[in-house]
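**Student:** There's a structure below that I have some questions on.
The values are calculated or read from the model by the stated rules, or taken from the named source; none is laboratory data. Values in this document were obtained by computation on a predicted structure and should not be read as measured data. Cβ placement follows ideal geometry from the backbone for every residue including glycine, while neighbour counts extend to all protein chains displayed. Please note that ligands, DNA and RNA were not included when accessible areas were found on the heavy atoms of the full protein model with its side chains. Shrake-Rupley method; radii C 1.70, N 1.55, O 1.52, S 1.80 Å.
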Amino acid sequence: MRTLRNIISLILPVFIMAFSSCSVNDNTYDGEVTATLYDIVTFTGNDNGQAVFTFNQVDDTPEVTLRANGTLDDKRIEPGKRIYIAYQPVHGKAFVSDDIRLYSLASINNGTINTEESIADFPEWDRDKVYLLAAWRSGKYINLQTRLVYTKEPRKYRLVGDPETFGDPYPDVYLLHQLNEETDNFQRTFYASFDISPVWELPTCRGITLHVANSNLKQTKFIFKK
């Protein structure tokens, strides 16, 4: 049984390697080009010699199931984990269920929105800024691509809600990023995926308002609607 082994261990911060953006079909010069795709997906486990992944492209688009050309070591990456993959669909069409050629994958930061704490417990939640590159909803997950200052020291990096707003149509959720001490260093790229279902599934919820101490542009508030 073939096992896919090119896994980057989870390190904080996680640096995602650069991949080739496309590949030209064999034995051609000007022929059809198949794009390499990059997505945050859920590893659901191995089935009949194939690693299986699921994801929603954006918001509530239909769930896509991808079956790779080999298996993963499920002791290193447990089923249910969100990871970042580079791949090509066998039949060339993006965002539909298909077999894939899996080229690379990387562990990313996973988490579930914290409803036990309150953002009021972190009065300096916006001290250590986040350079936000992208934020999008994928089903019950909020995915983030950010640049953060590099340090080997542990840090707080999670979504924290404001319980006082949980009865509102658009509860407030905060991206908490706190270093143990202020650090002046270079930045690296992080990917993260947070399960927002504890708030998203509240009966009064029509969406969420995500607050980010964003050092990229002036936008610090992002609304995700159902």
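**Student:** Restricting the first residue to segment 87-102 and requiring it to be free of Cβ contacts under 8 Å to residues at least 12 places away in the same chain, which pairs with a second residue that is open to solvent by 60 Å² or more (accessible area, probe 1.4 Å) and among the basic types (Lys, Arg) meet a Cβ separation below 8 Å and a spacing of at least six or different chains?
**Tutor:** Sorted first by the residue in segment 87-102, then by its partner, the pairs are Val90/Arg101.
**Student:** Among the residues of segment 144-151, is any in contact (Cβ under 8 Å) with a residue 40 or more places away in the chain and basic (Lys, Arg)?
**Tutor:** Scanning segment 144-151, I find at least one residue that is in contact (Cβ under 8 Å) with a residue 40 or more places away in the chain and basic (Lys, Arg), so the answer is yes.
**Student:** Which one of these does Arg206 not meet: (1) at positive phi; (2) open to solvent by 30 Å² or more (accessible area, probe 1.4 Å)?
**Tutor:** All conditions pass for Arg206, except number (1).
**Student:** With (1) buried (at least 18 other Cβ atoms within 10 Å of the Cβ); (2) out of contact with any Lys or Arg (no Cβ under 8 Å at 6 or more places or on another chain) as the list, and Glu78 as the residue in question, which single condition is left unmet?
**Tutor:** Going through (1) buried (at least 18 other Cβ atoms within 10 Å of the Cβ); (2) out of contact with any Lys or Arg (no Cβ under 8 Å at 6 or more places or on another chain) one by one, Glu78 breaks only (1).
**Student:** May I pose another question? Need at least 3 residues that are in contact with an Asp or Glu (Cβ under 9 Å, 6 or more places away or on another chain) and not polar (S, T, N, Q) per element, so show me which strands (runs of 3 or more DSSP E) inside segment 92-180 make the cut, counting only ones lying wholly within it.
**Tutor:** Passing ranges, in order: 141-149, 155-161, 172-179.
**Student:** Being more than 20 Å from the chain's Cα centre (by Cα) and within 18 Å of Ala192 (Cα to Cα), is that true of even one residue in segment 100-111?
**Tutor:** no
**Student:** Cβ-Cβ below 7 Å, separation at least six or inter-chain, first residue in segment 111-134 and over 13 Å from Phe166 (Cβ atoms) and in contact (Cβ under 8 Å) with a residue 24 or more places away in the chain, second open to solvent by 80 Å² or more (accessible area, probe 1.4 Å) and not in a loop (DSSP other than H, G, I, E, B): which pairs?
**Tutor:** Partner pairs satisfying both residue conditions: Tyr131/Arg147; Leu133/Arg147.
**Student:** Also, I was wondering about something else. Scan segment 184-202 residue by residue and report those that are without any contact (Cβ under 8 Å) to a residue 40 or more places away in the chain and touching a Ser or Thr at 6+ places or on another chain (Cβ under 7 Å).
**Tutor:** Asn185
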